1. Return the only residue of Ala184, Ala132, Ala139 being on the phi < 0 side of the Ramachandran plot, within 16 Å of ligand 2 (Cβ to nearest atom) and more than 15 Å from the chain's Cα centre (by Cα).
2. Can you pull out every residue in the stretch 349-371 that is part of a loop (DSSP other than H, G, I, E, B), within 21 Å of the chain's Cα centre (by Cα) and among the aliphatic types (A, V, I, L, M)?
3. Among (1) at positive phi; (2) buried (at least 16 other Cβ atoms within 10 Å of the Cβ); (3) without any contact (Cβ under 8 Å) to a residue 12 or more places away in the chain; (4) not basic (Lys, Arg), where does Gly148 come up short?
4. For the stretch 251-261, does any single residue satisfy the condition of being part of a loop (DSSP other than H, G, I, E, B) and away from ligand 2 (no atom under 16 Å from the Cβ)?
5. Residues that are under 30 Å from Glu164 (Cα atoms), at least 2 per element: which helices (runs of 4 or more DSSP H) completely within the stretch 46-144 meet that?
6. Look through the stretch 206-228, keep the residues that are buried (at least 24 other Cβ atoms within 10 Å of the Cβ) and not hydrophobic (A, V, I, L, M, F, W, C), and return whichever of them is nearest to ligand 2 (Cβ to nearest atom).
7. Does Ser248 satisfy the condition of being at pLDDT 95 or above and either of a type in the set (Lys, Arg) or more than 16 Å from ligand 2 (Cβ to nearest atom) (or both)?
8. Restricting the first residue to the stretch 319-348 and requiring it to be over 19 Å from Leu39 (Cβ atoms) and touching a residue at least 60 places away in the same chain (Cβ under 8 Å), which pairs with a second residue that is among the hydroxyl-bearing types (Ser, Thr, Tyr) and surrounded by 14 or more Cβ atoms within 10 Å (Cβ to Cβ) meet a Cβ separation below 6 Å and a spacing of at least six or different chains?
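The values are calculated or read from the model by the stated rules, or taken from the named source; none is laboratory data. Computed from a prediction, not measured in an experiment: that's the story for all the values here. Here the Cβ positions follow ideal geometry from the backbone for every residue, glycine too, while neighbour counts run over all protein chains shown.
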Amino acid sequence: MNYQNDLAFARRQDEQDSLKNFRSRFLIPQHNGEDAVYLCGNSLGLQPVSAQQYLADQLNTWKNLAVEGWFQGDDPWLDYHKSITGSIAGLVGAQENEVTIMNSLTVNLHLLMVSFYKPDNKRFKILMEGGAFPSDQYAMESQVRFHGLDPKDTIIEIFPRDGEVTLRTEDILKTIDENKEELALVLFGGINYYTGQFFDLKAITDATHAAGAYAGFDLAHAAGNVPLQLHDWGADFACWCSYKYMNSGPGGISGIFVHEKHFADKELNRFAGWWGYRRDKQFLMAPGFDPEVGAAGWQISTSPIPLLALFKASMAIFDDAGGLDTLRQKSIHLTGYLEFLIQGINKEQGEVIYKIITPADPVARGCQLSVVCKRNAKAIFNYLAQNGVIGDWREPDVIRLSPVPLYNTFEDVYQAARLMADALKAV
Ligand SMILES: Cc1ncc(COP(=O)(O)O)c(C=O)c1O
Ligand SMILES: Nc1ccccc1C(=O)C[C@H](N)C(=O)O
């Protein structure tokens, strides 16, 4: 696309945007009485206007039906989660029975590792991306210790080559192959939280399986952001939080994927609870765990209905937007526009002050651009915040900015970049 550094150009793009009406379905934070420039869907997606009503409906069911709400009403709570698993499955490229929603992300990472990390004398190593989100590192390390192993001898982290900031797929595949005798699990982020790099998950899955190990993914930054084909890629399992690009609210419920090839595998451990029991017999309260077929059999505890209601409000918007394909098209243009404008600032300055560390190829990134500030980084971030641009800061010098196609505009992106240029004069 031929971008222009010009407000009129940005407004023309917004005018022509087939998704332009979706912004009004979200509550945009205010700054000095105007919409803030919210570029932080990578951390917390915005609240759907309808969220209050979805929540109020369930509070009313609780008020009117109380315990009968589990079995009666328009949308009985017992199967309430089923009304959104189809939409979620569509977003991650799964069959509906391969997806369920439960707990929070790190909890689910642990539970899925109970099933898919079973080290023995021969295969015990875990391969992950260097610089993964700390919670994932802590989860892996504690799982390894739980099995009586030392993380130092067990967890292999792959880091970029010297002088590079992102990982090369060839290096990931080579490391998998080099460790094929001892590898038990490859557990990668879909998109790295710091650099915004979107990994080649199909290639990683294929290489992992060729090495005789399981492939699992933390899709916190990928779900609802980039197209995924978990079923067709043959990934063994995945989990993600829904409060980022899926807009389910702070601490919103997490999703899991288990490939159907594992449904009948009696060898897989799982930590069981009655919510994962086969639904037709759950209330017989019989001894002996008999799981529901599919990912739903990994559930443990009673569904948190208020959280599901919030999630449902957001999934209805994704459904109306027609799924991820249209969103992705706009996303590529929006993020591309931000990249173009930032590069324009660098050109004007005659040096790279805002170094984008996220890959330039749209195939290798989602909404997010991670920008290293070479000068007065924290002061620039603060200047942006004071002027209504909400991104986030990651130590030591990275500003993350994520234009989200459902609610951000080209004008948002234009204003953010204009303020990034102004900041260089102001701080
Ligand atoms: C990649 C990744 N993993 C794990 C987490 C932690 O998730 P939670 O606190 O919901 O367990 C986050 C975000 O907080 C994340 O980005
Ligand atoms: N759950 C949170 C609670 C408080 C503050 C941030 C978060 C995030 O999600 C951070 C995000 N995972 C990140 O990529 O940095």
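1. Ala139
2. If the condition is that a residue be part of a loop (DSSP other than H, G, I, E, B), within 21 Å of the chain's Cα centre (by Cα) and among the aliphatic types (A, V, I, L, M), then Ile357, Ala360 are the ones that fit.
3. For Gly148, the failing item is (2).
4. yes
5. Fully inside the stretch 46-144 and qualifying: 105-116.
6. His221
7. Considered against the rule, which asks whether it is at pLDDT 95 or above and either of a type in the set (Lys, Arg) or more than 16 Å from ligand 2 (Cβ to nearest atom) (or both), Ser248 comes out as no.
8. Once the first residue is over 19 Å from Leu39 (Cβ atoms) and touching a residue at least 60 places away in the same chain (Cβ under 8 Å) and sits in the stretch 319-348, its partners that are among the hydroxyl-bearing types (Ser, Thr, Tyr) and surrounded by 14 or more Cβ atoms within 10 Å (Cβ to Cβ) give Asp319/Ser87.
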